[in-house]
1. Just from its helices, what would the mean residue ellipticity at 222 nm be for the chain, if runs of 4 or more DSSP H residues each count -39500 (n - 2.57) and the sum is divided by every residue, rounded to the nearest 500 deg cm²/dmol?
2. Which one of Glu126, Glu56, Glu19 has the biggest mean-square fluctuation once the chain is modelled by GNM with Cα springs under 10 Å?
3. Quick one: helix 2-31 against the long Cα principal axis of the chain, what's the angle to the nearest 10°, folded into 0 to 90?
4. Could you give the dipole magnitude of the chain about its Cα centre, charging the beta-carbon of Lys and Arg +1 and that of Asp and Glu -1, in debye to the nearest 20?
5. In whole Hz and in residue order, list the ³J(HN,Hα) couplings for the stretch 54-61 that follow from phi through the Karplus curve 6.51 cos²θ - 1.76 cosθ + 1.60, θ = phi - 60°; x for Gly and Pro.
Amino acid sequence: MHTQAHTQAALHAQLEAQERADVWWASLLCTRFEDGAIDVAWDEFVRLFRAKFVPEHIQDRMEQEFLSLTQGSMTVLESEARFAKLSQYAPHIVTNERRKAKNLVMGLKPSLRTRLVVFDHRTLDEALSTACRQEGEME
């Protein structure tokens with residue numbers, strides 16, 4: 001019974017959150033985009049949404065987690081997935097592909113990082129591909 005009550009409460013909270021977001025978006029359309037032009041870039045929408053629904057202290061904590069992210073016991077792919085998720089909270093740090101690649105590499109295990117710093121990765125995909133190959137060779 002406790003599980004059913006918990007599920008009901010979670011569903012209710014989800015519906016309330018969705019309703020709040022719907023009301024916010026409708027209001028934004030009426031005020032910010034009153035000229036009918038709702039052609040808003042995705043990153044601008046995300047910025048507006050986070051400003052409204054994600055408290056600043058949470059955004060700051062996620063940015064700090066991004067800045068201190070290390071591979072630890074994760075695989076390269078797991079580490080990159082975490083990196084991608086947290087980098088959304090630090091767009092001013094990963095301003096281009098080269099910086100993304102550098103930040104990813106610097107968070108990898110030291111034994112792997114030393115193998116990767118000699119490469120000039122221009123994109124995150126290049127760095128990720130090389131890191132996965134090197135990780136496979138080290139196993």
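1. Helices in the chain give a 222 nm mean residue ellipticity of -22500 deg cm²/dmol.
2. Highest fluctuation of the listed residues: Glu19.
3. 80
4. The calculated dipole for the chain is roughly 500 debye.
5. 10, x, 4, 5, 6, 4, 4, 5
Computed from the coordinates by the stated procedures, all read-outs in this text should not be read as laboratory data. Worth saying up front: this structure is predicted, and the values here are computed from it rather than measured. Positions of Cβ are generated from backbone atoms using ideal geometry, with glycine treated the same way; all protein chains shown enter the neighbour counts.
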